1. Using alpha carbons only, how many angstrom separate the centre of segment 90-118 from the centre of segment 16-82?
2. Work out how much length Trp107 to Gln6 would gain on full extension: take 0.36 nm times their residue separation and subtract the Cα-Cα distance, in nm to one decimal.
3. Quick one: what do you get for segment 85-126 if you divide its Cα Rg by 2.2 N^0.38 Å?
4. Please report, in cubic angstrom per residue, the volume enclosed by the convex hull of the alpha-carbon atoms of segment 23-165.
5. Relative contact order, percent, of the chain when contacts are C-alpha pairs under 8 Å separated by at least 6 residues?
6. Taking 0.36 nm per residue of sequence separation and subtracting the Cα-Cα distance, how much length would be gained by fully extending the chain between Leu33 and Phe119, in nm to one decimal?
7. At a 1.4 Å probe radius, carbon and sulfur cover how many percent of the accessible area of segment 1-102?
8. Using only helices, what value at 222 nm comes out for the chain when you add -39,500 (n - 2.57) per DSSP H run of length 4 or more and divide by the total residues, to the nearest 500 deg cm²/dmol?
Amino acid sequence: MTKLIQLELFLTQVLEAIITLFFFVILSLTITLVIMRYGFNAAIIGGNEAMNYLFIYTTSLGAAISIGKGEHIRISYLVDKLKVRNQKYVGIVNYILIAFINTVMIWYSLPWIRSAGYFESPVLRIPNWIVQISVPIGCGLVILYCLNHIILQLFTDKPIAVRGN
């Protein structure tokens, strides 16, 4: 079990580093674009487009991290009133439902990417599939986190939320 926890922590650290890098680029681009626009009456071609695409990736990767850390949206008032064993079962059902929803999102995103992915962005000329693939990547990572948490729920004494992952 400790290997699963270590692997999850490593994956989370890698994803957080990528997101941090993306946010740093977004911040740098924003500052540069503002200075150039108001200071020099100029612009970086494609700067806004690049910021939008990076923000899309930070959102999809951030959703996976929030599941991994147990920081996703949940209302646990009633679950907290249950016995620890029942909290585990509710947690397992919770992760199964989250994984199912993300599986459906992957299922429907693939035809969407196939149909609209070959169009290029107006300024940077990046094929749309490069941006659209963030949906199945993020959802796939969410599913991995969910499966890991289901395994941990089954083979540990405390529920994941109580364990403080």
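1. What the calculation gives is 21 Å, centre to centre.
2. Separation in residues times 0.36 nm, less the Cα-Cα distance, equals 33.4 nm.
3. After normalising by residue count via 2.2 N^0.38 Å, the value is 1.94.
4. So the per-residue Cα hull volume is 116 Å³.
5. Normalised by residue count, the contact order of the chain is 30 percent.
6. 28.4 nm
7. Heavy-atom surface of segment 1-102 belonging to carbon and sulfur, 1.4 Å probe: 71 percent.
8. -27000 deg cm²/dmol
The values are calculated or read from the model by the stated rules, or taken from the named source; none is laboratory data. Given the structure is predicted, the values throughout are model-derived calculations rather than measurements. A quick note on method: Cβ atoms are made from the backbone with ideal geometry, for glycine too, and the neighbour counts reach across all protein chains shown. Side chains included, ligands, DNA and RNA excluded: accessible areas come from the protein's heavy atoms. Shrake-Rupley method; radii C 1.70, N 1.55, O 1.52, S 1.80 Å.
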